[in-house]
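Input: a single structure, listed below in structure tokens.
The values are calculated or read from the model by the stated rules, or taken from the named source; none is laboratory data. Remember, predicted model here, so these are calculated numbers, not experimental data. Every residue, glycine among them, receives a Cβ derived from its backbone with ideal geometry; neighbour counts consider all protein chains shown. Calculation scope for accessible area: heavy atoms of the full protein, side chains included, ligands and nucleic acids excluded. Shrake-Rupley method; radii C 1.70, N 1.55, O 1.52, S 1.80 Å.
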Amino acid sequence: MASTRPRSLSDWLRTRSDAWLVDLLRARPDLAVPVPADIGVLASRIGVRVSAGRALEELDAFTLQVLDALLLSDNPPSYAEVRRFLVNEVPDDAIHAALDRLRDLAVVWGEDDEIHVVGSVRDLSPPYPAGLGRPVAVLVAALTDAQVAPVLSALGLPEEHQPAATDSISSVFSDIGRVQALVEACSASELTVLGQLDAGPPLGQLPGAQRPVVVSEAMTPVRRLLVHGLLVAVGPETVELPREVGLALRGDAPLGPSRLSPPRLRAQDIGQSTVDRTAAGQVLTALRQVEQLLEIFGVDAPPVLRSGGLGIRELRRISKALDLTQQQGAVFLEVCVAAGLLDHSPGVDAHWLPTRTFDVWLARSPEQRWDQLTAAWVEMATWPGLVGEKDDRGKSINALSFDVSRAWAVTVRRRTLDLVAALPAGSTLGADAVVGQLAWRWPRRAFTGRSELVAAVLAEGEQLGLLGRGGLSTAGRVVLAGGDGSVALSGCLPEPVGHVLIQADLTVVAPGPLEQALAREIAVVADVESSGGATVYRIDERTVRRALDSGRTAADLHELFASRSRTPVPQALGYLVEDMARRHGRLRAGTATAYVRCDDEALLAELVADRRTAALRLRKIAPTVLVTGVAVKALLDALRGAGYAPVAEDPEGAVLLSRPDSKRLAARSHRARSVAPLPSDAQLAEAVPKIRAGDRAARNARRMPVGTRIPGVTTSATLEMLQSAMHDGRQVWLGYVDADGAASQRIVEVVSLSGGFVQAFDFTAGAPRTFALHRITSAALLDPGD
């Protein structure tokens, strides 16, 4: 009776259920894009090295240990052989679960009685599974008769030539008892050498390793081990520990210590309420800083570098203005781009500008603004931590450049945050502990051993308010789950306040988040001095002049302070406002290149005689008018720097408000640096029937069709067959060439025949289709069981 055991990966895949294939495509989405034409194509993609490498990256340490057990067998092993390699404490259920995981990712195939490892997986696996060397037969087979003679003598075997000598030595080492006896006979120094190589890798360095040595001349521990076959020379200066010796040294743990469980977690419970309060405070700070950053870009748009991105000098300037580190500034910039709030203008002379989406963002509630930022951060494909580092050409990596794009950025961020989210609510975990967990869950991922990457994710999460003191906030959990974080955050943020406390030292204390209108007014007349639970602003001559420059009058400022302050307005503040208002605008500047006019001739005389303004080369052209060759803006800056308070005016003499117009860009529908979308569950469910149908078409294409023609010739035999198939309800295999000349094979069920066209249900496409009779190149009836 013929065996029904699958002979290949393709045959095994055909035995799997549709649900299993959908799960495979979901776990390895690269297999589904584009949809494979048939099972054979799917099997080929499974064996592609890049795809297999991605699958291996999804395996935890214990599953990889089980894979090592499979790789140590030259022939397809059974479950019993895998069980033999693992310590007795490992339960059978855990081994079966690991094997099922390997099958579900198509890393291995076959049932427990004969398990096959996909070829490319063997190629991608370490050359020494579990740190064990190659079998002694493989190592000794490469030795010459002169090199193998001392080993035969030391083992008490008769002198033989190759390859008989290899067989004799292999028979000795196949007996685990004799190998253990050889190991027990070793001295302490020899055991030390064996122990070092047994820990892996099983290779050591020895000058002149391949030089034949007789037993009496073996003076060093390594030479004595070579003579007895416990080490084998594999190169001029390299020795290798045979697999049989390594297994004897390890005893009951052939694969080394069991990696069944991840490192023990030592999380600290600080309480969810503490985490939420800390995170909520940082949310307000982050929103304020992002708003200030984009306002700066709107007024003074920095240029885009020719190589792309934002210059390091500009980044430092902006970060300093916001009291941020360079790294924190880079994080906010990348998040703003990912959220669609910031973009570069088109054209050669491009600048970084806020988009119109920024104005929409400003009109939203704080909770909604935060949700938009954090959702963009979690999914953005850039890594701000690279900003300022050197690239492979030795140049600094700039913020907002394509050099900060990394394919692994989303994965690192997601995996780290998911691990923190798996902790009990209100628990925190240090970066080193997170690295240890990641190293067990995804040991083949390049990022798992880099604590700086994990630390960067945790720091950025704290900066944006997802984390508080290392713990994930309630709203952060909702964002990670893909929900609306603004709803969860609404109960954590304090209600906006409509008042401030003005102190005698001209500081303004905001006891909570200010109402948006009040916050804008205070931002015009004062600068932030410190932030936290309460924000402290500072008022001085410069800020009052800024408010007057923006169009506010002294009466407006008095009204603002009197109506919004819960404390009495200090007399010094009133004097400051009145003094600045009295001085403000007494000097007028215009284009001459620039001019200065003033009704007070004494003030103009003072200005001309002032050594601080000598560089302006002011010249009096009338009792009340001075002119200069510098631009108006430079003139105003120089006069203000000398302690004067001039204002600009237009040609008619009307005062010009000095607040520049804030520029905006139209929001783009997408960003080029976004990650490619994954197939949806519905798309995967539709793909499997197409693969099945294509597989049936491919297999039937190898059968001899009843008729074969060139396009344009319709035979009566084909028409008779199609009519018969329609009458009997049988399926038909068609060879077809479309209008573009592309040939394909399809399995259809004929619905009607008319006007030179066949209306049929195409099982390959999973939908009704119309076929032109003159484009059918071949056809065959399928048996009911096909």
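What's the number of the only condition in (1) in a helix (DSSP H, G or I); (2) loosely packed, with under 12 Cβ neighbours inside 10 Å that P568 fails to meet?
(1)
Can you find, within the range 26-81, the residue that is farthest from R445 (Cα to Cα) among those that are open to solvent by less than 20 Å² (accessible area, probe 1.4 Å) and among the hydroxyl-bearing types (S, T, Y)?
Here the residue is S73.
Does any residue in the range 378-396 that is closer than 30 Å to V420 by Cβ come within less than 6 Å, Cβ to Cβ, of a residue that is assigned to a loop (DSSP other than H, G, I, E, B) six or more places away or on a different chain, and which pairs are these?
Pairs that qualify, where the first residue is closer than 30 Å to V420 by Cβ and the partner is assigned to a loop (DSSP other than H, G, I, E, B), are A381/R673; A381/V675; W383/R406; L386/I397; V387/I397; E389/I397.
Within the range 360-410, which residues are part of a helix (DSSP H, G or I) and open to solvent by 70 Å² or more (accessible area, probe 1.4 Å)?
V360, A363, Q368, E379, F402
What are the residue pairs meeting all of these: first residue in the range 134-149, first residue touching a residue at least 24 places away in the same chain (Cβ under 8 Å) and more than 18 Å from S73 (Cβ to Cβ), second residue surrounded by fewer than 17 Cβ atoms within 10 Å (Cβ to Cβ) and of a type in the set (K, R), Cβ atoms under 9 Å, and 6 or more apart or on different chains?
Pairs found: Q147/R211.
Given the criterion charged (D, E, K, R) and free of Cβ contacts under 8 Å to residues at least 60 places away in the same chain, identify the matching residue among R317, R356, R288.
Step by step, each of R317, R356, R288 is checked, and only R317 is charged (D, E, K, R) and free of Cβ contacts under 8 Å to residues at least 60 places away in the same chain.
Output yes when any residue across the range 10-18 is within 30 Å of L249 (Cα to Cα) and either touching a residue at least 24 places away in the same chain (Cβ under 8 Å) or assigned to a loop (DSSP other than H, G, I, E, B) (or both), and no when none is.
Looking for residues that are within 30 Å of L249 (Cα to Cα) and either touching a residue at least 24 places away in the same chain (Cβ under 8 Å) or assigned to a loop (DSSP other than H, G, I, E, B) (or both), one finds none in the range 10-18, hence no.
When residues of the range 461-512 are filtered for being free of Cβ contacts under 8 Å to residues at least 24 places away in the same chain and in contact with a Ser or Thr (Cβ under 7 Å, 6 or more places away or on another chain), how many remain?
Total meeting the criteria: 1.
Would you call Y537 over 24 Å from E652 (Cβ atoms), crowded, with 20+ Cβ neighbours inside 10 Å and at pLDDT 90 or above?
yes
Looking at this structure, is L124 crowded, with 19+ Cβ neighbours inside 10 Å and either closer than 30 Å to P158 by Cβ or not acidic (D, E) (or both)?
no
Can T628 be described as free of Cβ contacts under 8 Å to residues at least 24 places away in the same chain and surrounded by 14 or more Cβ atoms within 10 Å (Cβ to Cβ)?
no
Take the range 230-257 and flag every residue that is buried (at least 23 other Cβ atoms within 10 Å of the Cβ) and basic (K, R).
Of everything in the range 230-257, just one residue is buried (at least 23 other Cβ atoms within 10 Å of the Cβ) and basic (K, R), namely R243.
Which of the following residues is in a loop (DSSP other than H, G, I, E, B) and buried (at least 16 other Cβ atoms within 10 Å of the Cβ): A765, A779, A760, A739?
Going through A765, A779, A760, A739 in turn, the sole match is A765.
Can you tell me which of S125, S120, S170 is more than 20 Å from P201 (Cβ to Cβ), of a type in the set (S, T, Y) and within 37 Å of the chain's Cα centre (by Cα)?
Exactly one residue qualifies, and that residue is S120.
Counting only residues that are open to solvent by 50 Å² or more (accessible area, probe 1.4 Å) and modelled with pLDDT of 85 or more, how many does the range 479-493 have?
Number of matching residues: 4.
Any idea how many residues of the range 532-584 are of a type in the set (S, T, N, Q), closer than 14 Å to V508 by Cα and touching a residue at least 24 places away in the same chain (Cβ under 8 Å)?
Total satisfying the criteria: 3.
Test S10 against the criterion of being out of contact with any strand residue (DSSP E or B) (no Cβ under 8 Å at 6 or more places or on another chain), under 24 Å from R699 (Cβ atoms), modelled with pLDDT of 90 or more and open to solvent by 60 Å² or more (accessible area, probe 1.4 Å), and give yes or no.
No, not satisfied.
Considering only residues that are within 26 Å of L324 (Cα to Cα) and free of Cβ contacts under 8 Å to residues at least 60 places away in the same chain, which ones fall in the range 421-458?
Answer for the range 421-458, where residues must be within 26 Å of L324 (Cα to Cα) and free of Cβ contacts under 8 Å to residues at least 60 places away in the same chain: G430, A431, D432, R450, S451, V454, A455, V457, L458.
Residue by residue through the range 297-332, note down the ones that are more than 26 Å from the chain's Cα centre (by Cα), part of a loop (DSSP other than H, G, I, E, B) and closer than 26 Å to A523 by Cα.
D300, A301, P302, L322, D323
Considering only residues of the range 583-625 that are part of a strand (DSSP E or B) and of a type outside the set (D, E, K, R), which is most open to solvent (accessible area, probe 1.4 Å)?
I621
For every residue, the table says whether it meets (1) touching a strand residue (DSSP E or B) at 6+ places or on another chain (Cβ under 8 Å); (2) within 27 Å of A52 (Cβ to Cβ); (3) modelled with pLDDT of 90 or more.
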| residue | (1), (2), (3) |
| --- | --- |
| R369 | no, no, yes |
| Q372 | no, no, yes |
| V378 | no, no, yes |
| K390 | yes, no, no |
| L429 | yes, no, no |
| A439 | no, yes, no |
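Can you go through V66, V90, V50 and tell me which one is aliphatic (A, V, I, L, M) and part of a loop (DSSP other than H, G, I, E, B)?
V90 is the lone residue from the list that is aliphatic (A, V, I, L, M) and part of a loop (DSSP other than H, G, I, E, B).
How about the range 128-185: which of its residues are open to solvent by 60 Å² or more (accessible area, probe 1.4 Å) and touching a strand residue (DSSP E or B) at 6+ places or on another chain (Cβ under 8 Å)?
Scanning the range 128-185 gives R134, A142.
Among the numbered conditions (1) under 21 Å from A519 (Cβ atoms); (2) modelled with pLDDT of 95 or more; (3) of a type in the set (V, I, T), tell me where V331 comes up short.
(1)
Right, P207: in a loop (DSSP other than H, G, I, E, B) and either under 27 Å from L72 (Cα atoms) or out of contact with any Cys (no Cβ under 9 Å at 6 or more places or on another chain) (or both) or not?
Judged against the criteria, P207 is a match.
Out of (1) under 16 Å from T278 (Cβ atoms); (2) surrounded by 17 or more Cβ atoms within 10 Å (Cβ to Cβ), what's the single condition that is false for R445?
So the condition that R445 fails would be (1).
Determine whether D269 is farther than 19 Å from G476 by Cα, acidic (D, E) and at pLDDT below 90.
no
How many residues does the range 548-565 contain that are charged (D, E, K, R), surrounded by 19 or more Cβ atoms within 10 Å (Cβ to Cβ) and more than 29 Å from V608 (Cβ to Cβ)?
The total comes to 2.
Please go through the range 271-296 and pick out each residue that is among the small types (G, A, S) and in a helix (DSSP H, G or I).
Answer for the range 271-296, where residues must be among the small types (G, A, S) and in a helix (DSSP H, G or I): S273, A279, A280, G281, A286.
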